[in-house]
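Notes follow the structure.
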Amino acid sequence: MNRTVFNFLLDALLLLVWMALVWVSCVLRFVFPPGTSARRWTLWGYGYDDWSNVQFQLMALIVLGILLHVMMHWNWVCGVIATRIFRTRARADDGSQTLYGVGVLIGILAILGGCLLAAKLSVQPPVTM
């Protein structure tokens, strides 16, 4: 399979997964009652927590698909940054581009991890009287 066909199939798959994610999110938001009121409610045999798990799995698929999509276009991304943002003529070699990509990925994961840690440390249990 050539690169163009692979990119097209990846983009089509991303569109389908995104549509499924939007649909499941709307089901959770507009079909089920809010919060704990949704206990024992089901849609096609799946409860609120089951649909929430499907939502998370679809989101993970989209993240992986976007990561693969960016990897497939990384030379273009580096070229645009070098020529349009930094106004240089020289483009980084493949090894440097790979290091930049790994650095960006580590930075994104560090930011997300820091935000998740902040949420975990800030969450408050219910107040009992």
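Values computed for the structure shown
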| item | result |
| --- | --- |
| Matching entry among ALA90, ALA119 (being at pLDDT below 90 and loosely packed, with under 10 Cβ neighbours inside 10 Å) | ALA90 |
| Pair list, Cβ under 9 Å, 6 or more apart: the range 1-12 residue within 15 Å of GLY65 (Cα to Cα), other residue of a type in the set (Asp, Glu) and assigned to a helix (DSSP H, G or I) | none |
| Within the range 74-87, tally of residues that are surrounded by 12 or more Cβ atoms within 10 Å (Cβ to Cβ) and either over 25 Å from the mean Cα position of the chain (by Cα) or among the acidic types (Asp, Glu) (or both) | 2 |
| Residue list for the range 10-52, filter: of a type in the set (A, V, I, L, M, F, W, C), over 18 Å from the mean Cα position of the chain (by Cα) and in a helix (DSSP H, G or I) | VAL27, LEU28, PHE30, VAL31, ALA38 |
| Inter-residue pairs, beta-carbon under 6 Å, first surrounded by 15 or more Cβ atoms within 10 Å (Cβ to Cβ) and in the range 18-40, second part of a loop (DSSP other than H, G, I, E, B), 6+ apart | PHE32/TRP41; ALA38/PHE32 |
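The values are calculated or read from the model by the stated rules, or taken from the named source; none is laboratory data. Keep in mind that what you see is a predicted model, and the values were worked out from it rather than measured. All Cβ positions, glycine included, derive from the backbone under ideal geometry; neighbour counts span all protein chains shown.
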